[in-house]
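*Asks:* Handing you a structure now.
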Amino acid sequence: MMKTYIVRFLKLNFGLFLYGLGIIVTMKANVGYAPWEVLHSGISQTLGVSIGLVNTVVGAIIVAIVCLLGEKIGLGTIFNMFMIGFFMDLILNLNLIPLIHNFWLGALVMIIGLFIISLGTYFYISSAFGAGPRDSLMVAVTRKTNLPVGFCRILLEVSVVIIGGLLGGMVGLGTVLSAFAIGLCIQATFRIMRFDPTLVEHETFGMMVKNLRQLKKDKE
């Protein structure tokens with residue numbers, strides 16, 4: 001059982017790394033911020049606080065909302081709030097991804113980044129430690145509406161773009177592309193991996209503590 005936990009934990013963090021990498025790739029595409037970054041930058045400009053702080057606070061608010069909608073919160077949910085930002089800073093500091101200056105190439109790079117995000121989403125959700133705040137919201141909306149997961153993701157992305165844009169967030173053609181393409185990328189990735197996120201039984205903190213105690217007891 002401990003080996004299973006280690007594998008799941010590595011899967012979680014690999015997924016978060018891919019997610020952070022995907023965000024940086026979409027930013028380096030230089031064709032407009034991705035939807036959630038539009039929202040974060042808009043709130044940041046409005047309140048005069050750092051975009052990193054906004055990212056964390058928005059994540060905490062969404063966690064509260066998904067809890068009310070009945071989604072389970074676990075280690076993966078909390079790690080998502082902090083580790084993606086850590087990986088983003090790490091990748092930016094390494095400066096390995098060049099800034100794109102051609103729109104069409106940038107649009108292609110944006111799509112590549114969205115698929116990287118989608119693959120990261122698959123890895124960390126399937127680790128069953130709890131989906132991240134924004135993906136928990138996507139799953140919650142999917143459960144409540146019985147609509148396709150891709151459509152629900154598009155609905156959320158368009159909503160945050162509108163709010164972020166009204167607050168002064170950077171919106172470009174790539175933002176529109178991202179808002180509609182992310183749902184299709186996630187749906188395509190999940191279909192290829194034969195993965196249904198609504199069937200995952202996420203492990204809450206209480207369940208994790210109980211299982212680890214049982215593992216310790218079994219060893220004794």
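*Asks:* Residues of the range 38-54 being surrounded by fewer than 23 Cβ atoms within 10 Å (Cβ to Cβ) and part of a helix (DSSP H, G or I), which ones? Give the steps one after another, and end with the answer.
*Replies:* Step one: list which residues in the range 38-54 are surrounded by fewer than 23 Cβ atoms within 10 Å (Cβ to Cβ), which gives 41, 43-54.
SER41, ILE43, SER44, GLN45, THR46, LEU47, ILE51, GLY52, LEU53, VAL54 - these are the residues of the range 38-54 that are surrounded by fewer than 23 Cβ atoms within 10 Å (Cβ to Cβ) and part of a helix (DSSP H, G or I).
*Asks:* Let me ask something additional. Quick check: anything in the range 128-145 farther than 26 Å from SER44 by Cα, in contact with a Phe, Trp or Tyr (Cβ under 8 Å, 6 or more places away or on another chain), aromatic (Phe, Trp, Tyr) and in contact (Cβ under 8 Å) with a residue 12 or more places away in the chain?
*Replies:* Yes.
*Asks:* If you scan the range 31-60, which residues turn out to be polar (S, T, N, Q) and over 19 Å from LEU90 (Cα atoms)? Before you say what the answer is, go through the steps one by one.
*Replies:* First, the residues of the range 31-60 that are polar (S, T, N, Q): 41, 44-46, 50, 55-56.
Passing the criteria: SER41, SER44, GLN45, THR46.
*Asks:* When only residues in the range 137-155 that are more than 16 Å from the chain's Cα centre (by Cα) and among the charged types (D, E, K, R) count, which is farthest from CYS185 (Cα to Cα)?
*Replies:* Result: LYS144.
*Asks:* Hey, can you tell me all the residues within the range 23-37 that are open to solvent by 20 Å² or more (accessible area, probe 1.4 Å), assigned to a helix (DSSP H, G or I) and either touching a Cys at 6+ places or on another chain (Cβ under 8 Å) or of a type outside the set (A, V, I, L, M, F, W, C) (or both)? Spell out how you get there, then give the answer.
*Replies:* Kept after step one, since they are open to solvent by 20 Å² or more (accessible area, probe 1.4 Å), are these residues of the range 23-37: 27-28, 30, 33, 36-37.
From what is left, the residues that are assigned to a helix (DSSP H, G or I) are 27-28, 36-37.
If the condition is that a residue be open to solvent by 20 Å² or more (accessible area, probe 1.4 Å), assigned to a helix (DSSP H, G or I) and either touching a Cys at 6+ places or on another chain (Cβ under 8 Å) or of a type outside the set (A, V, I, L, M, F, W, C) (or both), then LYS28, GLU37 are the ones that fit.
*Asks:* Next question. Which one is surrounded by the fewest Cβ atoms within 10 Å (Cβ to Cβ) among residues in the range 77-116 that are assigned to a loop (DSSP other than H, G, I, E, B) and among the β-branched types (Val, Ile, Thr)? Break it down into steps so the answer makes sense when it comes.
*Replies:* Going residue by residue through the range 77-116, those that are assigned to a loop (DSSP other than H, G, I, E, B) are 95-102.
So of that shortlist, the ones also among the β-branched types (Val, Ile, Thr) come out as 97, 100.
On the way: ILE97: 16, ILE100: 19.
So, considering only residues that are assigned to a loop (DSSP other than H, G, I, E, B) and among the β-branched types (Val, Ile, Thr), the one surrounded by the fewest Cβ atoms within 10 Å (Cβ to Cβ) is ILE97.
*Asks:* Restricting the search to the range 59-76, which residues are in contact with a Phe, Trp or Tyr (Cβ under 8 Å, 6 or more places away or on another chain) and assigned to a helix (DSSP H, G or I)? So that I can check it myself, show each step before the final result.
*Replies:* Of the range 59-76, the ones in contact with a Phe, Trp or Tyr (Cβ under 8 Å, 6 or more places away or on another chain) are 73-76.
Within the range 59-76, LEU75, GLY76 qualify.
The values are calculated or read from the model by the stated rules, or taken from the named source; none is laboratory data. Given the structure is predicted, the values throughout are model-derived calculations rather than measurements. Cβ sites come from the backbone with ideal geometry, for glycine too, and all protein chains shown count toward neighbours. When the accessible area is computed, the model is the full protein with side chains, heavy atoms only, and any ligands, DNA or RNA have been set aside. Shrake-Rupley method; radii C 1.70, N 1.55, O 1.52, S 1.80 Å.
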